[in-house]
Amino acid sequence: MKVTINDVAREAGVSKATVSRVLSNNERISEETRLKVKEVIERLGYKPNVMARNLARNQTKTIGVILPMDASVSFGNPIFIQMMQGISMYAQEKHYFLMYAFGKEEEEERNIDEFSQNGIVDGIIILKSEVNDKTIKKLRESGFPFVVIGRPGRETSVLWVDNDNFGATYEIAEAMIKKGHKKIAFVGAKQKWTVSKDRLEGYKRALEVHNISYEEKLVYHGEAFNEQTGKEAMDLLIKESPTAIIATDDLIAVGVNDYLNKIGREVKALVGFNNTMLAAYQKPALASVEIYGERLGYAAAKLLVEQLEGYIKDHMHAIIETKLIERESFN
């Protein structure tokens, strides 16, 4: 039979309220009473209802994670899995639960409302940001705790975690230029996302610095970070004969590579982002930018928990380093 708080109170000769105060480390309880109650708890094997205690304190010890796509799409892209792994690791360290919400972008606002208005989570982590993001603005104005993975545009009073996407793409484009490439194509997706905007701007800036004209016909923006986007891009870009291609996701790069292999063509340099295992096993093996998705997720969870527990002072964001992993496709 399950031991209840009433059993502990009766055995210890104290009230139910006193047992609750001992469990919450209330300073008003004498050391003698504390030791007596704890001895009974241990002897009877009482397991307190953590969820009920948290609700009594107006806490759930639960973090809501909003993914910007259906589950099948989110789990199909390794970068989101890496982010969720990092979030999970920090949540476990700090004894927080996680609750995930999936959905298409138009369902995001509904998911946010359910999390922030129904008292089922203490804070939210959002896995992407957009230019002029209405969701971020709404959450900021509501005062509900949240963190964004992705630079949130001009919002300065928002907790966020990201890479230097502008700098990472600038460095790739510059490295390609130094290898003699002047016709460099850019293939991305989700044009409204700030990660896409920042990477495109880094590409443009490298061309400008090295006196190479930016050409719209060498740029393609698809609907999704997947292989299909890479193949659709090459249908249009192949006639421009680029010698180098920057793809903003390894899945896009795989699509580009498959297309080129099927028609017997090659480019001298092809670089993706996220450094997934998939990239390493392509023919040729694909160079890729390691963005450390697990660290992004871990840092986002850390920022949120620090905010929830009152530790945030002057650090409003974190930048996670990147590293170009050179492989056969980068010549």
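The values are calculated or read from the model by the stated rules, or taken from the named source; none is laboratory data. If you're wondering where the values come from, they're calculated on a predicted model, not measured in any experiment. Backbone-built Cβ (ideal geometry, glycine too); neighbour counts: all protein chains shown.
One table, with the values for the structure above:
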read-out: The range 298-317, residues that are in contact with a strand residue (DSSP E or B) (Cβ under 7 Å, 6 or more places away or on another chain) and not in a loop (DSSP other than H, G, I, E, B); value: Ala299, Ala300, Ala301, Leu303, Leu304, Gln307, Leu308, His317
read-out: Some residue of the range 122-137 being closer than 19 Å to Lys302 by Cα, in contact with a strand residue (DSSP E or B) (Cβ under 8 Å, 6 or more places away or on another chain) and among the acidic types (Asp, Glu); value: yes
read-out: The range 172-203: number of residues that are surrounded by fewer than 18 Cβ atoms within 10 Å (Cβ to Cβ) and basic (Lys, Arg); value: 5
read-out: Residue satisfying condition, being touching a residue at least 12 places away in the same chain (Cβ under 8 Å) and under 27 Å from Asn163 (Cα atoms), within set Leu237, Leu218; value: Leu218
read-out: Residue ranges of helices (runs of 4 or more DSSP H) in the range 188-285 with at least 2 members β-branched (Val, Ile, Thr), at pLDDT 95 or above and outside the structural domain of Phe75 (by TED's automatic domain parsing); value: 194-209, 250-263
read-out: From Ile263, Ile291, Ile252, Ile245, residue being surrounded by fewer than 20 Cβ atoms within 10 Å (Cβ to Cβ), in contact with a helix residue (DSSP H, G or I) (Cβ under 8 Å, 6 or more places away or on another chain) and not hydroxyl-bearing (Ser, Thr, Tyr); value: Ile263
read-out: The listed residue being of a type in the set (Gly, Ala, Ser) and modelled with pLDDT of 90 or more, out of Ala12, Ala52, Ala17; value: Ala12
read-out: Within the range 5-22, considering residues that are surrounded by fewer than 15 Cβ atoms within 10 Å (Cβ to Cβ) and polar (S, T, N, Q), the one farthest from the chain's Cα centre (by Cα); value: Ser15
